[in-house]
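Q: One structure, pasted below without further comment.
The values are calculated or read from the model by the stated rules, or taken from the named source; none is laboratory data. Given the structure is predicted, the values throughout are model-derived calculations rather than measurements. Note: ideal-geometry Cβ built from the backbone for every residue, glycine included; neighbour counts use all protein chains shown.
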């Protein structure tokens with residue numbers, strides 16, 4: 001037993017001495033490899049708990065929306081309680097970096113109603129898109145510019161309109177709201193922040209004053225319509 005014990009002690013001493021003769025950077029690399037193999041030790045992405053909207057520095061002041069009351073056309077019994085709200089900045093043109101942005105609005109209704117969406121290039125006669133759909137209940141509606149229409153051009157302002165069709169024979173009696181959108185190129189700073197991914201994309205777009213892209217990203221994660229409504233209200237209070 002004493003001979004076996006002696007041989008074991010010699011082997012341990014040899015192993016220890018071999019480790020001591022390794023370069024220090026080899027030992028550090030070994031330790032790093034061991035720690036990185038443990039998934040529980042992977043660093044977590046740091047996310048900002050708040051999304052703060054900063055209006056663009058060169059913002060273009062404009063009357064954000066105009067609403068037709070539809071006092072007669074929508075006063076029928078089944079459409080007595082209807083409402084429309086676009087999700088837009090309170091006093092300036094909303095920006096996007098996307099050629100096919102997503103538009104958001106809120107409809108309150110107690111029964112099915114037809115809704116139209118129109119996007120217009122002020123320099124052209126025909127609308128870029130003019131579509132209708134039936135909305136059956138209160139909630140947030142959205143529309144992303146489809147692939148079968150031209151992309152928005154950069155540095156160009158477009159007008160978009162949502163209308164609740166209360167009276168198809170008399171459009172003047174419909175409830176409607178309109179606003180403006182402008183596409184701009186991504187800045188170098190914005191591209192870098194999105195590439196790094198250190199903050200939620202919605203927060204990055206909001207920091208740069210890119211309204212429509214902020215809402216599109218926020219909509220992916222907010223669980224209820226009230227969450228997005230509260231976010232829009234917060235932006236417009238600042």
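Q: Among what's in region 87-104 and is modelled with pLDDT under 95 and out of contact with any helix residue (DSSP H, G or I) (no Cβ under 8 Å at 6 or more places or on another chain), pick the residue that is surrounded by the fewest Cβ atoms within 10 Å (Cβ to Cβ).
A: 91
Q: Same structure again: Any residue at all in region 75-83 that is crowded, with 16+ Cβ neighbours inside 10 Å and either touching a helix residue (DSSP H, G or I) at 6+ places or on another chain (Cβ under 8 Å) or modelled with pLDDT of 90 or more (or both)?
A: Taking region 75-83 and keeping what is crowded, with 16+ Cβ neighbours inside 10 Å, we get 79, 82.
Imposing the further condition that a residue be either touching a helix residue (DSSP H, G or I) at 6+ places or on another chain (Cβ under 8 Å) or modelled with pLDDT of 90 or more (or both) reduces the set to none.
No.
Q: Could you say which residue among 231, 196 is at negative phi and under 14 Å from the mean Cα position of the chain (by Cα)? Lay out the reasoning, then the answer.
A: Numbers: 196 fails: under 14 Å from the mean Cα position of the chain (by Cα).
It is 231.
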